[in-house]
1. Can you say whether Phe160 is closer than 15 Å to Ser348 by Cα, in contact with a His (Cβ under 8 Å, 6 or more places away or on another chain) and not charged (D, E, K, R), as far as the supplied structure shows?
2. Going by the structure shown, is Phe93 open to solvent by less than 10 Å² (accessible area, probe 1.4 Å), over 21 Å from Ala355 (Cα atoms), touching a Gly at 6+ places or on another chain (Cβ under 9 Å) and not in a helix (DSSP H, G or I)?
3. Of all residues being open to solvent by less than 20 Å² (accessible area, probe 1.4 Å) and not polar (S, T, N, Q) in the range 334-354, which is nearest to Ile169 (Cα to Cα)? Just the residue, please.
4. Within the set of pairs 6+ apart or on separate chains, which have a first residue in the range 118-143 that is farther than 17 Å from Val241 by Cα, a second that is open to solvent by 50 Å² or more (accessible area, probe 1.4 Å) and part of a helix (DSSP H, G or I), and C-beta atoms under 7 Å apart?
5. Phe63 passes all but one of (1) assigned to a helix (DSSP H, G or I); (2) touching a His at 6+ places or on another chain (Cβ under 6 Å); which number fails?
6. Please specify each residue of the range 165-176 satisfying the condition of being more than 15 Å from the chain's Cα centre (by Cα) and touching a residue at least 60 places away in the same chain (Cβ under 8 Å).
7. Quick check, is Ala64 exposed (fewer than 13 other Cβ atoms within 10 Å of the Cβ) and modelled with pLDDT of 80 or more?
Amino acid sequence: NKNNKNNDSNAYLYSPEWVLERLIAFYDVTAEGLSTNNYIKKHASLVGPLFKACPIKIIINVFAFTRMDEVKLLWADLEKQLLPNSTGTSVEFKIVIHFDNYSFDDLHFLLSLRSHIGSVEVRARVEHAGLRKNILECCMTSERNTFFLMLEDDLRLSPFMLIYAVESIRHNFYSFPPISTQSNRTIGVSFYAQVFSEVAEQHLRNIECEGNNGNTNRKGMDINIPMCEFYWQQPQSWGSVYRGIAWLDFVEWYRSSVSNTWKKYNDFQKTSHALRAKKAGMKMEVEAEVEKLMNSKHVNPFILPQFLIPCSYTNRWPHSTSWKKALLRFMVERDLYMVYPHLPNRLSWSINSLAVGVNDQVKNASPEKKKVGRPSFIAHTCPLVAVCSK
């Protein structure tokens, strides 16, 4: 009996707040194994506020190549960003500029940039690598509460984008209990209010929003406009933020896919070379020749997985340059989703300037066609959120 009394008293040595704070610091309480735990369920009213107040870090990745005029416009939009109210929460921002060029004048300009948002780091390449490689290698490590925000240089941003980013992250990733059964399968949040399916090449119909009905503000939202979000199995390149651990899972999956494809390619080369050698009566070490082939600069660099999706128009995208095509395949395989905003009048937190770039197929068209002959222009044009009451 005495031992039982001691055990009972020891149970109250630590307050529920103390226990829950430490659980939240090291574990994801929305995971199935923890969210159904009796102790956590008993103190669910305490878990919610503690979980939503977790400190988060957002790394803003800006990708630049030769369109420095576009970079300057994007940077001007970043400098107009309003920061979220940090009362009771902790949010850290860092800007990383990935410069895929060797222009010293442009590099000097980028190195001179400073921001009220947070520290600025410039990572410059001495040899052009392409957008796909830069994006896939931009974030190689992550803590549990780190998020990667991706901005290509031709985007325009609402001054309220970062406020929305933080609020949406807290709402979708730090709500307890989870706001939806799809919360644990959410990879990120889109800033662009897309309603055109790139898989089916048609507009969405009857969008159903999760978490609220779109007629009233989300509780606790800093932005005072009717707000609605929906889940969609489509990645976003026109402004988005991805959960760090989910993004690293994607990068690891991508590397594994590429490695497996290279292995099959090497096996084919090895077999093909051996057959040719045998047919010609040549006496040579096959392994040595394969190793020589692999080390050669003349090996086709586009021996990559196709990342195909059944009955999808995205299969036409070039697999050698598109990172989004690979991410879509990853999301389909893992049953993952993005959160998309759905606001009145199709307002958006980011848009694309449709500037001509390296991967733009109209770059060689006439000026008149570049101006009015873009078939996707009407489908993708929408206004930015410019004014919000607080």
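The values are calculated or read from the model by the stated rules, or taken from the named source; none is laboratory data. These figures come from a predicted structure and were not determined experimentally. When we count neighbours, we look across all protein chains shown, and the Cβ atoms used for this are built from the backbone with ideal geometry, even at glycine. What goes into the accessible areas is simple: the full protein's heavy atoms, side chains included, and nothing from ligands, DNA or RNA. Shrake-Rupley method; radii C 1.70, N 1.55, O 1.52, S 1.80 Å.
1. no
2. no
3. Val339
4. Sorted first by the residue in the range 118-143, then by its partner, the pairs are Val122/Leu111.
5. Condition (1) is where Phe63 drops out.
6. Passing the criteria: Glu167, Arg170, Tyr174, Ser175, Phe176.
7. no
Residue by residue, here is whether (1) open to solvent by less than 60 Å² (accessible area, probe 1.4 Å); (2) at pLDDT below 90; (3) in contact with a Leu (Cβ under 9 Å, 6 or more places away or on another chain); (4) in a loop (DSSP other than H, G, I, E, B) holds:
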residue: Val71; (1), (2), (3), (4): yes, no, yes, no
residue: Ile97; (1), (2), (3), (4): yes, no, yes, no
residue: Tyr102; (1), (2), (3), (4): no, yes, no, yes
residue: Asp105; (1), (2), (3), (4): no, no, no, no
